[in-house]
Amino acid sequence: MSASRIKSTEEILGAIESFSSLPHAVVEIVRSIDDDRVSPTQLARMIEGDLGMLTGVLKLANSSRYAVRGGVASVQEAVTVLGFNAIRNLACLDGISSHFRKNGQDAFNFENFMRHSIGVACSAKFIARSLRLNSDIAFISGLLHDVGQVVVAVTLPEEFAEVMAYKKQHDCHVSVAERAVLSMDHAEVGAHLANRWNFPAVIGEAIGGHHRVFDEVSSRMADVVHVAEVLSHALDFGGSGQVPPLSHGAMLRLELSFQHVRLHFDEIEGEYCDMAGMLGVG
Amino acid sequence: MKLRLKKIPLGQAEPGMQLAAAVCNQRGEVLLQAGCELSGLRKRGVGHIVVQMADPRSEDELAVERAQVLDRLNLLFRNAGQDQHLASLYHLVLEYRLEALS
């Protein structure tokens, strides 16, 4: 199929319907992220229900980053030692990484995608923390912000290759190339997927809105992810090649200055290097 | 050989490494003064420590790396135009990168 035959948003969305969703455990964990009633036992059950994720989480929890003396043998133990939020973030990181590593396409660089996603997740976490916003929701939103791009790459590989060729030829941001080649960009595709997977509204808005922050109205988490993406490119996480345009409206709405974020550059880079290293994409 | 402060994950700490800066929690409260034993930090939420390490690079090698940092940053920011926030970010990242190569 050539990209020229894709004419409408409906056709794009129809094509991505064939994508077999994220692993059930990832969807379940993301859905529950803004639910304070989820207990460590429930989180452990979600992780233990997916053997691949269970193995992955225990492997990450026992990595040198955490240096737990004697190691951890169960999710419950990992939650006790490393904390509930850390394990939830690791579970999502492992689930998404494993899933897209298996479903990769030639034109799609999985390693760069994961590096970029981790970079934005870590940047968003520290920006949110400095603004006293929920840093775990920011981390997960950052991790998933480009999920639309990878799903387009998997379900429409020829069109994705055309997008990449356009981006290279015009030296432009990927969303500009997507709008030129397809009828929508990856943020819109991501918002559609977040809705289909019943993700919390705050995460759906961040995924769908991270390139729409130039509008007057935007969600705070979309603003955080947008600024985090700019920072992640500036710190060269993922080898993207260029820093994208920045929304001054987002900076104003967040009352944020990069001078303030500078205090956390070493923590952001430290966490990024650790996580990329743990997943073998460092 | 220069001695350089380096932030490392707690898991990479080795016997003989000297704690170069006090370990603080997110509220800035000191958990451990420089020179103390590291045990028990993990449970208190500490992931990284700052240690002093020898830097084997010569002045010439550092100068080459500084030039590479500048080239890379100019490439990354090539489409930033006159944006004041991006100009600020450029200088902050440059300062951060050069700090490790001074």
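The values are calculated or read from the model by the stated rules, or taken from the named source; none is laboratory data. Nothing here was measured: the structure is a model prediction, and the numbers come from that model. For neighbour counting, all protein chains shown are included, and Cβ atoms are generated from backbone atoms with ideal geometry for every residue, glycine included.
Key figures
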| quantity | calculated |
| --- | --- |
| Spans of helices (runs of 4 or more DSSP H) in region A:8-93 with at least 2 residues of a type in the set (D, E, K, R), modelled with pLDDT of 90 or more and surrounded by 16 or more Cβ atoms within 10 Å (Cβ to Cβ) | A:24-31 |
| Every residue from region A:102-130 that is more than 14 Å from every other protein chain (Cβ to nearest Cβ) and aliphatic (A, V, I, L, M) | A:Ala107, A:Met114, A:Ile118, A:Val120, A:Ala121, A:Ala124 |
| Test: residue in region A:201-216 that is at pLDDT 90 or above and out of contact with any helix residue (DSSP H, G or I) (no Cβ under 8 Å at 6 or more places or on another chain) | yes |
| Where a residue in region A:221-248 is within 11 Å of chain B (Cβ to nearest Cβ) and under 17 Å from A:Ile268 (Cα atoms) and its partner, wherever it lies, is surrounded by fewer than 21 Cβ atoms within 10 Å (Cβ to Cβ) and of a type in the set (Val, Ile, Thr), with Cβ under 9 Å and at least six apart | A:Val227/A:Val261; A:Leu231/A:Val261 |
| Residues that are away from chain B (no Cβ under 11 Å) and buried (at least 21 other Cβ atoms within 10 Å of the Cβ), drawn from region A:255-274 | A:Tyr272 |
| Residue in region A:162-174 that is of a type in the set (Gly, Ala, Ser) and either part of a loop (DSSP other than H, G, I, E, B) or in contact (Cβ under 8 Å) with a residue 24 or more places away in the chain (or both) present | no |
| In region B:54-93, residue nearest to A:Phe265 (Cα to Cα) [restricted to those that are at the interface with chain A (Cβ under 7 Å from one of its Cβ atoms) and among the small types (Gly, Ala, Ser)] | B:Ser88 |
| Pairs, first without any contact (Cβ under 8 Å) to a residue 60 or more places away in the chain and surrounded by fewer than 16 Cβ atoms within 10 Å (Cβ to Cβ) in region B:83-94, second of a type outside the set (Lys, Arg) and part of a helix (DSSP H, G or I), C-beta under 8 Å, six or more apart | B:Ser88/A:Phe258; B:Ser88/A:Gln259 |
| Helices (runs of 4 or more DSSP H) wholly inside region A:220-282 containing at least 1 residues that are of a type in the set (Ser, Thr, Tyr) | A:220-234, A:265-278 |
| Residue that is at pLDDT below 90, out of contact with any Pro (no Cβ under 6 Å at 6 or more places or on another chain) and part of a helix (DSSP H, G or I), where the choices are A:Arg129, A:Arg115, A:Arg101 | A:Arg101 |
| Residue in region B:65-77 that is within 26 Å of A:His173 (Cα to Cα), in a loop (DSSP other than H, G, I, E, B) and of a type in the set (Lys, Arg) present | no |
